[in-house]
Amino acid sequence: MKTYRQSKFLNPWVMFLTGMAIGVASRLFDIYFVNLGELFSQMAIWILIGTLISIYSPTRKAAMLNIFPFCIAMLITYYATAIITDGVYGWSFIFGWTVFALFSPLMAFLAWTAKCDGAFAKLIACGIVLSAPLSSLILFESVRFHDFVITAVLIYFLFFKNIDSYRRNSNEKYS
């Protein structure tokens with residue numbers, strides 16, 4: 001049985017490095033692969049990735065400690081790459097994504113809780129599922145095909161996929 005300290009992927013340092021790599025990749029997608037750039041510019045994909053990191057973390061604390069360095073590293077390297085490539089970016093986007101990164105530990109806490117037993121946990125899971133298409137509708141004025149795919153994947157992982165039981169305390173209930 002692996003513990004949080006023994007995890008090779010889900011630890012803050014690896015998540016920081018992963019965030020750095022994805023930040024650079026996201027910016028390069030914007031330049032060279034427009035469709036991928038469009039996908040990785042949407043909030044829904046980051047909700048999905050953040051949810052997966054959180055629910056596969058062994059504890060709430062681990063989820064919070066994993067997601068924050070991932071988001072901060074991604075933000076820093078994305079905009080550093082934008083500066084290096086003479087990309088166009090606005091301070092409102094930097095501010096918005098910084099707020100997202102700063103609140104990511106709270107969102108990780110809630111996402112981890114969504115896999116617990118009880119009505120409150122399922123209510124949180126419903127909120128996460130609804131946030132993906134609603135964020136696209138509110139921020140980008142339309143829901144695209146990939147939003148439906150992301151929503152379906154969220155539904156699968158939050159409601160149907162069984163997360164390894166050794167990572168969860170069976171006494172965790174929110175009713």
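The values are calculated or read from the model by the stated rules, or taken from the named source; none is laboratory data. Quick caveat: nothing in here was measured; it's all calculated off a predicted structure. Cβ placement follows ideal geometry from the backbone for every residue including glycine, while neighbour counts extend to all protein chains displayed.
Exactly one residue out of PRO58, PRO105 is in a loop (DSSP other than H, G, I, E, B) and closer than 27 Å to PHE160 by Cα, and it is PRO58. LYS115 passes every criterion in (1) more than 16 Å from the chain's Cα centre (by Cα); (2) not in a helix (DSSP H, G or I) apart from (1).
Residue pairs whose Cβ atoms lie under 8 Å apart, separated by 6 or more positions or on different chains, with the first residue in region 72-101 and in contact (Cβ under 8 Å) with a residue 60 or more places away in the chain and the second surrounded by 14 or more Cβ atoms within 10 Å (Cβ to Cβ) and of a type outside the set (Phe, Trp, Tyr), are GLY87/ARG27; GLY87/ASP30; GLY87/THR81.
Being in contact (Cβ under 8 Å) with a residue 40 or more places away in the chain, assigned to a helix (DSSP H, G or I), on the phi < 0 side of the Ramachandran plot and not polar (S, T, N, Q) is the requirement here; does PRO69 meet it? Against the criterion (in contact (Cβ under 8 Å) with a residue 40 or more places away in the chain, assigned to a helix (DSSP H, G or I), on the phi < 0 side of the Ramachandran plot and not polar (S, T, N, Q)), PRO69 qualifies. Of all the criteria given as (1) under 20 Å from LYS61 (Cα atoms); (2) buried (at least 17 other Cβ atoms within 10 Å of the Cβ); (3) at pLDDT 90 or above, the one not satisfied by PHE120 is (2). Checked against (1) in contact with a Lys or Arg (Cβ under 9 Å, 6 or more places away or on another chain); (2) part of a loop (DSSP other than H, G, I, E, B), ASP86 passes all but condition (1). Restricting to region 145-175, and then to whatever is modelled with pLDDT of 85 or more and outside any helix (DSSP H, G or I), can you tell me which residue is surrounded by the most Cβ atoms within 10 Å (Cβ to Cβ)? Only one residue fits best here, namely LYS161. Residue under question is MET43, and the condition is that it be of a type outside the set (Val, Ile, Thr), touching a Pro at 6+ places or on another chain (Cβ under 7 Å) and touching a residue at least 24 places away in the same chain (Cβ under 8 Å); does it hold? When the stated conditions are applied, MET43 does not pass them.
For region 71-80, the criterion of being over 26 Å from LEU137 (Cα atoms), surrounded by 15 or more Cβ atoms within 10 Å (Cβ to Cβ) and in contact with a Gly (Cβ under 6 Å, 6 or more places away or on another chain) is satisfied by at least one residue.
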